[in-house]
Amino acid sequence: MTLSLIVVFVALALLLVAGIVVARKFVISTDDSDGPIGTVIAPCVLSIYLISLAMGLVIGWENNRGAEDGSVAEAGHATALYWNTASFPDEDGARVRADVRDYVRAVVRDDWPSMVERRELDDGASAALDRLRVSVDRVPSDDPATAVESLQTRQNVTDLGQARVQRADAAGDHIPRFVTLATAVSGLAVVVLPFGMQLRGSRARVFWALVNLAFVAATLIALLFLDNPYSGVLASDPEAFQDALEGFDRIDAAIAGG
């Protein structure tokens, strides 16, 4: 859990305690509970909470799934590029394959921790991609036997760069702050209101107020953990790139056998 999330949890806990203390000090009368507060205000607050919560969950889910799909596509471009080198001269092919490996390793080793902690890509992995571009550009394209593969390799490098830009955008994606704020504030109101409605002497009301508190707390925590596509409960992991690295070994064996 990052420091920012800890600060959010502490702030929410303090607001919750303060809200419950105020609600118990200024107890809502039975007439108000059965009147405007219970029939108009409480349902409106609950509606705002549920709508903002649903919006936040949908946006967070889409961000996380989009990040996962982007990682799979980027790893696929790296694998296709690796295969393209099979028809290159031995020295050129070995150089490009080594640079592809270096880039994919840098993504796993450097990019991922940076995306989790700072929501941005690492300069080291960007430098590895630049070296890969230079390496591909050095492959001679005047030989008809390798011209088509060289052209396809350059296209795959371009696709790899575009996928990296998309991943940088995904790392910065988050649930809109006004949605998170609306959910938190309305959720606190949903929790606090029952504690102000003359709960003393009513065990059933106390029980359901506590159940309500647990439900709101759980959903708010789920929302917060969906805020970063690369950390939390549905975080996108570097498994696609790790699988690509394992696949490179099989491609090397196939090229050597061919």
**Inter-label distance, nm, simple model (7 Å from Cα along the C-beta direction), A127/L50** = 5.5 nm
**Message:** Skipping prolines and chain starts, which residues have an amide H placed within reach, meaning under 5 Å, of the one on S231, given they are 5 or more residues away or on another chain?
**Reply:** S236
**Prompt:** Along segment 161-166, what does the Karplus equation 6.51 cos²θ - 1.76 cosθ + 1.60 (θ = phi - 60°) give for ³J(HN,Hα), rounded to whole Hz, x for Gly and Pro?
**Reply:** x, 5, 5, 5, 4, 5
**Asked** In nanometres, what is the gap between the two model label sites at E239 and E91, each 7 Å from Cα along Cα-to-Cβ?
**Response** 4.2 nm
**Message:** Can you give me the % of accessible surface on segment 155-195 that is carbon or sulfur? Probe 1.4 Å, all protein chains present, nothing else counted.
**Reply:** 66 percent
**Message:** List residues of segment 179-195, by number, whose backbone nitrogen lies under 11 Å from a label position 7 Å along Cα→C-beta of A218.
**Reply:** none
**Prompt:** Contour minus end-to-end for Q152 and E62, with contour as 0.36 nm per residue of separation and end-to-end as the Cα-Cα distance?
**Reply:** 29.2 nm
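The values are calculated or read from the model by the stated rules, or taken from the named source; none is laboratory data. Every value quoted in this text rests on a predicted model; they were computed, and no experiment measured them. A quick note on method: Cβ atoms are made from the backbone with ideal geometry, for glycine too, and the neighbour counts reach across all protein chains shown. Remember, those area values only see protein heavy atoms, side chains included, never the ligands or the DNA or RNA. Shrake-Rupley method; radii C 1.70, N 1.55, O 1.52, S 1.80 Å.
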